1. Using θ = phi - 60° and the Karplus curve 6.51 cos²θ - 1.76 cosθ + 1.60, what whole-Hz ³J(HN,Hα) does each residue of the range 155-160 get, with Gly and Pro shown as x?
2. Based on other C-beta atoms within 10 Å, arrange Thr162, Thr213, Thr67, Thr177 from fewest to most.
3. Relative contact order for the range 60-239: what percent, with Cα pairs under 8 Å and sequence separation of 6 or more?
4. Quick one: if the Förster radius is 30 Å, what FRET efficiency do Ala82 and Lys161 give, using the C-beta to C-beta distance and rounding to 0.05?
5. Between Ile141 and Asp190, 0.36 nm times their residue separation minus their Cα-Cα distance comes to what?
6. For a quick protection proxy, order the peptides 114-124, 150-160, 215-225 by their average other-Cβ count within 10 Å, most packed first.
7. Rounded to whole Hz and in sequence order, give me ³J(HN,Hα) for the range 69-80 from the Karplus expression 6.51 cos²θ - 1.76 cosθ + 1.60, θ = phi - 60°, writing x for Gly and Pro.
8. Quick one: 3J(HN,Hα) in Hz for the range 118-132, Karplus 6.51/-1.76/1.60 with θ = phi - 60°, rounded, Gly and Pro as x.
Amino acid sequence: MYKPAGTSKSQIMNKRILLPLFIFLIGICAANAQFPVSIKQIIDPAKGGLTEKNAADGIREALIKSTGESVKIVSMVNGYFANPEIKIPFPQEAREVETKLRAIGLGSEVDNVVAAINRAAEDAAKSAEPVFVSAIKGMSITDAINIVKGSNNAATSYLQKTTSPELKTKFSPIIKTSLDKVDATRLWADVIKQYNQIPFVKKQNPDLVGYVTDKAIAGLFVVVAKEETKIRQNPAARTTELLKQVFGK
C-alpha cells in the first residue's frame, strides 16, 4: 500500500478509524449546519482537526448535557404530572378500581393518588444524573462510533441498556420514601380499601412502588430522547465550542 513519506503506520490507522466516524458526524448535523470545507481538516490534528479523543469527548459532552437537562425537566414540580407524554396514570391493572370508584363519586380520591405518584416520580428523578454521568464517562470510542452510526435516539438506547438496572435499584427506595412523604401510600391504601369493600369485586392491591418506579424511568428516557435529538439537529443547542466543532461547525 502506498504510504506518503513522513506518515507513520499509526497515523494511517488513526485516519482509517476516524474517517468513518466523522462522515457519520457530518451526516447527523442539521440541514442548515455549516459543513467543513475538507474532511481532511477534520481528521488531521496537525491542521486543526479533531483527534479521536476530541471526538469521543464531544459525544460524551453532548450526552452529559442532554441527560442533565432531562433530569432537570422531569424533577421539577409538574415535570411528570403536567407532561401528557410521561404523566403516570392510575395503574393499568387497577383501571377497574379507578372506573368503579369514579362511578360512585370517589373521583377526587383517584385524582389525589395520580397527583401523588407523579410527585414521587419527580422526587426520585433527581437521583438519575450521577448514574448517567458515570455511564457516559465509561463510554469507549467504539460505543461513541456506534451511537453516531445509529438513529436519532441511539444514545438514549445506549443509556437505557447500560443504566436501567442501576436506575431501578436507585429509584425504588426513593420512590417508596417519596410515596410516603407525599402521602401517596396512605391515599393508595384508602382507595384500594374502599374499592375492595364494593360487593362482588375481585380484591386488588397492585405493587405501587414497582409500578411508579418503572413508569418514572420510562418517562425519563422519553425526555432524554428529545434532548438528544435537539443536540443532533439544532445548532443552537450546541452551547460549547467542542459541541459545535464535533456536531457541525
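Where a number appears in this text, it was derived from the coordinates with a stated rule and is not lab data. The shown structure was predicted, so the numbers you read here are calculated from the model rather than taken from an experiment. Backbone-built Cβ (ideal geometry, glycine too); neighbour counts: all protein chains shown.
1. Result, rounded to whole Hz: 5, 4, 4, 4, 5, 4.
2. Result, fewest neighbours first: Thr177, Thr162, Thr213, Thr67.
3. 37
4. Values: r = 29 Å, r/R0 = 0.97.
So, using R0 = 30 Å, E works out to roughly 0.55.
5. Values: separation 49, 0.36 × 49 = 17.64 nm, distance 5.22 nm.
Net length gain for the segment: 12.4 nm.
6. Descending packing order for the listed peptides: 114-124, 215-225, 150-160.
7. Those phi angles translate into 5, 4, 4, 4, 5, 7, 8, 6, 4, 6, x, 8 Hz.
8. 3J(HN,Hα) across the range 118-132, in whole Hz: 6, 5, 5, 5, 4, 5, 6, 4, 4, 7, 6, 4, x, 5, 5.
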